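What follows is a set of notes on a single structure, which appears directly below.
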Amino acid sequence: MVLRRLVSAACCAMMMSLVSAAGAQAAEGDDARIAALLGLSDARIKAVVEADTQQLSALLSDDLRYTHSNGSVDTKDQFIAALTSGRSNYHSFAPFDRVFTFPAPGIALESGKALIAVEGTAGKLDALFGYLAVWREEQGTWRFVAWQSARLPQGVAPAGFVSLFNGRDLAGWRGRPHLDPAQEQAASPEETASRQAGWNTDLASHWSVKNGEIVSDGQGVYLTTDRDYADFELLVDWMLPGPCADSGIYLRGNPQVQIWDSDCARDVQHGNEKGSGGLWNNPPDSPGKFPLVRADRPTGQWNTTRIRMQGEKVTVVLNDQVVVDNQPLANFFAAGKPLPERGAIQFQTHGAPMHLRNISIRELTTTEGSGPGWRDLGEADFVNVNCDADTWTWKDGVARCTGKPVGVIRSREPLTNLEMALEWRHLSPGGNSGVFFWAPPAVLEGLKPGSLPPGGIEVQVLDHAYTQQYEASGAKADWFTTDGDVFPVGSSSMKPFPPVAPNSSRSFPTARHSRGTPEWNHYFIRAINGEVRLWVNGHEVSGGSGCTPATGHLCLESEGAPVEFRRMRIRQLP
């Protein structure tokens with residue numbers, strides 16, 4: 001009865017988090033018992049892989065209940081018979097994170113994880129498992145009496161991402177040193193194949209997979225993706241097991257997002273006390289070279305990093321803190337020239353061990369402003385129309401608008417067919433702004449401060465609190481929304497997509513997806529052949545067709561409240 005209760009409790013604990021994290025520690029004098037049980041556990045695993053029935057008969061209790069991850073239960077005789085008949089053929093069984101506790105006299109619980117490769121009547125299975133085992137003293141000898149396992153997620157990427165590491169081996173990776181991408185591309189196919197074979201051999205000598213982690217000894221070639229990537233978001237956990245370690249992450253084959261021990265006295269001269277995540281090889285004193293904040297965890301602890309690269313701009317989030325905010329990565333191999341449009345991701349070796357896990361990637365899409373023909377929009381692309389000289393300021397890739405006076409800045413040249421991606425946020429509740437498309441040049445001429453263009457198609461940028469502020473005056477807020485209205489202004493015309501405002505002039509959004517201040521919102525706008533369509537935070541919501549005119553200036557609006565725009569990108573189309 002005691003054993004049944006123990007196994008039942010163990011099964012419940014497995015579903016929650018294994019008992020290994022339950023916090024029970026070995027009491028004084030348990031070391032000898034733990035050492036003995038580790039030896040017996042290793043012997044049992046060896047016997048399972050070798051189908052050594054004689055050894056298993058001695059190690060397994062006659063009361064064995066072996067519960068597989070699929071829920072089937074074997075007795076001792078059934079378990080051994082499955083091995084001898086070939087119905088269960090264990091190719092490998094690698095346990096780790098094993099913990100032993102002693103909840104009752106003569107009872108030991110072994111919890112841990114294991115990478116198990118087994119082949120049976122249902123096919124092959126190579127996966128990561130969490131397990132709980134029970135050992136019982138029988139006539140002075142420990143015997144294996146119960147087992148419960150559950151398959152654990154392995155190489156599972158977050159929604160929208162693709163895993164780059166399967167948790168078992170280095171499939172999808174190759175070796176490559178620090179090398180100018182142009183030199184690699186210039187090599188002949190024969191040279192490329194020969195060099196790659198050598199690099200892969202070197203990789204196998206210095207990089208390995210242990211306990212579901214990628215482990216580098218700090219020597220040899222860099223761990224490099226088989227594929228090249230253009231614009232992407234990369235997620236990776238990294239850990240430096242020893243002091244004064246130094247590494248980095250190459251993006252499109254260029255160095256690097258810096259990784260180092262921020263407590264190492266040796267590297268203070270290089271600025272390591274500022275922390276990891278900076279674009280280390282950027283020019284001195286350039287934005288992004290050093291992180292905005294120190295976000296590293298101590299040596300021996302895991303760090304979680306999110307890297308976004310779009311065009312030449314890089315954002316790095318380390319342990320949930322932004323350490324580099326949309327700054328350009330310099331071309332290390334061709335100073336002053338653009339980065340390659342595509343390239344490999346590499347993890348550097350720099351003389352000290354490093355561990356990696358949970359590596360996944362999401363390639364950015366057209367609606368995020370990525371792909372052929374896209375370019376950044378910055379201060380040089382706009383001309384002031386009727387704002388004050390200090391209404392708009394540009395710093396670190398962010399356009400900041402005071403909101404005063406009401407007015408606009410415009411693109412230098414009229415535009416016809418285009419796509420635009422941008423992020424915006426209001427800095428005060430109830431903020432109002434907008435993006436104008438196809439504003440006729442004539443309506444901008446002589447426009448006085450305090451006025452907006454009397455022509456063009458406006459894509460509304462409005463904070464949710466505007467509704468409450470408007471209704472507080474006693475007016476009815478039924479003719480607008482705060483989730484992405486699209487409408488013609490003045491002399492311009494448009495047939496709005498439904499649903500429409502009561503006066504039928506505005507296209508109302510089909511759903512609410514915008515976020516209130518001070519959160520950032522993402523807009524993707526497609527303005528082609530007289531048709532405008534708006535996506536808000538990844539969802540198409542509104543637009544209109546038959547726009548007249550369908551050419552003109554792109555304008556950003558100042559309308560009484562502070563607002564910021566960033567990551568503005570444009571692609572002009574035929």
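Among Asn166, Asn503, Val99, whose Cα projects farthest towards the positive end of the dipole of the chain, with charges put on the beta-carbon of Lys, Arg (+1) and Asp, Glu (-1)? My answer, from the dipole projection, is Asn503. Per residue, the chain reaches -4500 deg cm²/dmol at 222 nm when only DSSP H runs of four or more residues are counted, each adding -39500 (n - 2.57).
For Leu377, the residues whose amide H sits under 5 Å from its own are Met568, Arg569, Ile570, ignoring neighbours fewer than 5 places away on the same chain, with H placed 1.01 Å from N. Highest-first packing order for the peptide set 244-252, 542-550 is 244-252, 542-550, based on the mean count of other beta carbon atoms within 10 Å.
Around Thr101, under 13 Å between beta carbons, what's the net of Lys plus Arg minus Asp minus Glu among the other residues? So the environment of Thr101 carries a net charge of 0.
Extension gain, Gln185-Ala389: 0.36 nm per intervening residue step, less the Cα-Cα distance, totals 68.7 nm.
Seen from Val435, the other residues with C-beta closer than 10 Å to its C-beta sum to a net charge of -2, counting Lys and Arg as +1 and Asp and Glu as -1.
When peptides 455-466, 146-157, 187-198, 416-427 are ranked by their average number of other Cβ atoms within 10 Å per residue, the highest-first order is 455-466, 416-427, 146-157, 187-198. Which residue, Cys555, Val435, Met494, has the largest displacement toward the positive end of the dipole of the chain when charges sit on each Cβ (Lys, Arg +1; Asp, Glu -1)? Going by the charge dipole, the pick is Met494.
For the chain, the membrane-span-like helices by this rule, meaning whole DSSP H stretches whose C-alpha atoms cover at least 18 Å of axis and whose Kyte-Doolittle mean is -0.5 or above, are 2-16, 31-50; this says nothing about an actual membrane. Taking the Cα centre of region 375-572 as origin and assigning +1 to Lys and Arg Cβ atoms and -1 to Asp and Glu Cβ atoms, the resulting dipole is close to 240 debye.
If R0 equals 35 Å, the separation of the Cβ atoms of Ile528 and Ser205 corresponds to a calculated FRET efficiency of about 0.05.
Computed about its Cα centre, the charge dipole of the chain is approximately 740 debye, with only Lys, Arg, Asp and Glu carrying charge at their Cβ. The residue list Asn521, Ala352, Pro255 was ranked by how far each Cα lies along the charge dipole of the chain toward its positive end, using unit charges on Cβ atoms, and Asn521 comes out on top. Packing here is the average count of other Cβ atoms within 10 Å per residue, and on that basis the peptides 73-81, 170-178, highest first, run 170-178, 73-81. Taking square-rooted eigenvalues a ≥ b ≥ c of the alpha carbon gyration tensor, is region 375-572 rounded, prolate or oblate, where a/c under 1.5 means rounded and, failing that, a/b exceeding b/c means prolate? Rounded, since a/c falls under 1.5. For the pair region 549-566 and region 491-509, the centres of their Cα atoms are 19 angstrom apart.
Can you compute the label reach from Thr365? Point 7 Å from Cα along the Cβ direction, backbone N cut-off under 20 Å, restricted to region 301-323. It comes to 307-311, nothing else. Number of Lys pairs in the chain with C-alpha atoms less than 17 angstrom apart, excluding same-chain neighbours closer than eight positions? Taking the Cα cut-off of 17 Å, the pair count is 9.
The numbers here are math on the coordinates, done by the rules we state, and not lab data. All values reported here derive from a predicted model rather than from experimental measurement. Neighbour counts run over all protein chains shown; Cβ positions are idealised from the backbone, glycine included.
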